[in-house]
1. Looking at the stretch 84-216, I'd like the Rg to Rh ratio, where Rg is from alpha-carbon atoms and Rh is Kirkwood's inverse mean 1/r.
2. For Asn112 and Gln402, calculate 0.36 nm times their separation in residues minus their Cα-Cα distance, and state this gained length in nm to one decimal.
3. Pop out the ³J(HN,Hα) list for the stretch 346-361 in order, Karplus 6.51 cos²θ - 1.76 cosθ + 1.60 with θ = phi - 60°, rounded to Hz; leave Gly and Pro as x.
4. Quick one: Trp154, Trp283, fewest Cβ neighbours within 10 Å first, how do they rank?
5. Mind giving me the FRET efficiency for Val129 and Ile281? R0 is 30 Å, r the Cβ-Cβ distance, nearest 0.05 is fine.
6. How high is the FRET efficiency from Asp150 to Glu370, r the C-beta distance, R0 60 Å, rounded to 0.05?
7. For the stretch 306-413, give the magnitude of the charge dipole about the Cα centre (Cβ charges: +1 Lys/Arg, -1 Asp/Glu; no others), in debye to the nearest 20.
8. Please list the non-local residues whose amide H lies under 5 Å from the amide H of Ile496, H modeled 1.01 Å from N, same-chain partners needing a gap of 5 or more.
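Bear in mind these aren't lab numbers, they're just calculated from the coordinates by the rules spelled out. From a predicted model like this one, the values you see are computed outputs, not experimental measurements. Note that we place each Cβ from the backbone using ideal geometry, even for glycine, and neighbour counts take in every protein chain shown.
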Amino acid sequence: MDVEVWLCPDEWVGRGLKSAAASGPALSVTRDEDLHTQTLELRLMPEGRPSGAFHELELSLCPEGASELACFLCGYRKELHPSAVVDKMLAVLNEQRAWAACIGDSECLPVNRDWRCDKVAELWLRYEVSEGAGNGPRHYFQQFGMEPSDYSIWEYEVVVPINESPQIKDEHISAMISSFIAGVPGVALKADMNRGGGFFLYNSQTRIFTICLVIAADESEHAYNPEENPDSHPVDLCSFRCAKRLEYYCCERGRGIIFRIQVPDVCHIWRVELVGDIRGIRWAGVCYRQGATRCRGQAFDYQYAGILAGQTFEVNTIGNDPVPGELFAVWAYMDGLPEGACNPVILAWCYYAHPCFTSGTITHICLIDENRQIIESRDSGSTPDEWIGDERLAYQVACEGQGRLVRPSDYYRYSVGERVLIHKGGLHTEKRFVYRQERDYAVLRDGRCSYLISGGWEDFVVAGCQDPDGRVESEIFSWRKVRPLQDDVDGTIVPIKLYGAF
C-alpha cells in the first residue's frame with residue numbers, strides 16, 4: 001500500500017494530526033459511511049529509538065478514483081465527545097416531541113445527534129456568549145459545511161449551590177427542555193428538525209453551568225451544489241461539493257458591501273483571494289512562508305505558522321464595489337502544490353444579488369409569441385433592423401447561473417455576447433420607523449389638550465425593486481435576503497453602463 005502524507009510545519013498543532021504515546025496494533029483501518037472515507041491509523045516508532053513509546057499518527061485515505069485534494073479540503077474530521085448530558089437532552093426532547101403534535105406533520109421525526117451541531121454549540125458558547133463575537137449562528141454552521149433551512153440555539157443556566165458538588169442533574173435537563181419548548185414551540189416542534197447537539201461550560205467562580213442546545217433541519221436547497229445544478233457552478237474540475245456559499249452583507253448604505261471569508265481548518269493554505277468575474281481581484285490575504293515575516297494566527301485554540309487555516313476575514317469592497325450579477329469566488333493557494341494542478345482551488349463562491357439590479361450576458365436574440373414561446377432566434381450578431389421596436393423582441397440572457405428570457409426597455413441594438421444590466425421588476429417592501437401624534441381630548445388643568453405620541457415599524461411599498469421578506473434597508477443587501485429573478489417577466493434590460501464595467 002502506497003500512502004502519500006501531507007505534513008504541516010513543525011510549529012503547527014492541528015486536528016487530524018495527533019502525537020501521543022500509544023500501544024497496540026501497528027495498523028488499523030476503519031470506514032466512515034457518512035463521509036465515504038477510510039481512516040488509516042498508523043503507529044510509527046520514533047527515529048533513533050528502536051524501543052520505547054510509540055507515536056500515534058492518524059491519516060485519512062480517499063476512496064479509489066476520488067480527488068486527493070477534495071478529500072483533504074472536504075473531509076471534516078469528526079470530533080466526537082461522548083457526553084451523557086447532551087445525549088440526555090436529546091432523549092428528553094424526543095420524548096416530548098413524541099407526545100406532542102408536530103407543526104406541519106402528524107408525527108415528529110426524532111432528533112439525532114450530529115457532531116457538527118455539537119461544534120456549533122461549542123463555538124456559540126465560547127465566542128458569542130463569552131466574547132460577544134457577533135458573527136451569528138450561520139457563520140458557525142457554515143464552518144462545518146452546514147446550510148440548514150431552519151435552526152434554533154437555546155441557552156440555559158444552572159446555578160450550583162455552594163454546599164453541592166458541580167453537576168448537571170436530570171431535573172436541570174428536564175427544566176431546560178421544558179423552557180425550550182415553551183419558548184420557541186414553532187421551532188422545537190417542527191417535524192423536520194431532526195439533527196441536534198449541545199455543549200456546556202462551567203464557571204467555577206460564579207458556580208454556573210451554561211448549557212447550549214442546537215437543533216437544525218435539513219440542508220436548504222440552493223444552486224450552489226454542482227452535483228444538483230452543474231450548469232450554475234463556475235468551475236468544473238477544481239471545485240468540490242464542499243465549496244461553500246460566500247456570505248456578504250451591508251452595515252449601512254453607502255459604506256460598502258462586506259464579504260465574509262472563512263478559511264477551512266486545514267494547513268498549507270498560504271494565500272486567499274476574493275475575485276469577481278467582471279472587475280477582478282478585490283482582496284488578497286497572504287502569509288509569507290519564509291523568514292521572520294511568517295504570519296501567525298489564532299484559531300480553534302491552535303497556533304498556526306505560515307498558514308491562514310481557520311481564520312475569518314471581513315473584506316469591505318467600498319471603492320471597488322461589486323457589480324450586480326457579478327460572480328465572486330474565493331480562491332486558495334496551497335503551499336507545496338504546483339500552480340495549475342487545482343492550485344488555486346475554490347473555497348466559496350456566490351453571485352452578488354442586488355435588490356434592484358442584476359446583469360447577464362446575451363446568448364440569443366429572439367422573437368417570442370404571447371405565450372413566451374420562441375418563434376425565431378439568432379445566436380450571433382446584433383439585433384436585426386426589422387426587429388427593432390417589435391413587441392415580440394426579447395433576449396435570452398445567462399443571468400446568475402440561469403437562462404432568462406428578458407425584454408428590453410428601449411430600442412437599443414444589443415449584441416450576442418454583450419453584458420447587459422437588468423432592472424428587476426416587482427415591488428420592494430421597506431420597513432420604516434414612524435411616529436404618530438394623536439389628539440387626546442381630555443382637557444388639562446391649564447386648558448390645553450393632551451396628545452398621545454406613539455410609533456412603530458411600518459411597511460412601505462416601493463415599486464421597481466425586490467424584497468420578498470420585507471426587511472429593512474441594510475438587510476436587503478445581504479446574501480440571504482435578496483432573491484434573483486423568479487420568472488421571465490420579472491425584469492427588463494436597461495441601457496445603463498455600471499461603474500464602466502460593461
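1. 0.97
2. Result: 100.8 nm gained on full extension.
3. 3J(HN,Hα) across the stretch 346-361, in whole Hz: 7, 9, 7, 7, 6, 8, 6, 9, 9, x, 10, 9, 8, 8, x, 9.
4. Trp283, Trp154
5. Between Val129 and Ile281 the formula returns 0.25.
6. Calculated transfer efficiency: 0.90.
7. Dipole size: approximately 140 debye.
8. Hits under the 5 Å cutoff: Leu421.
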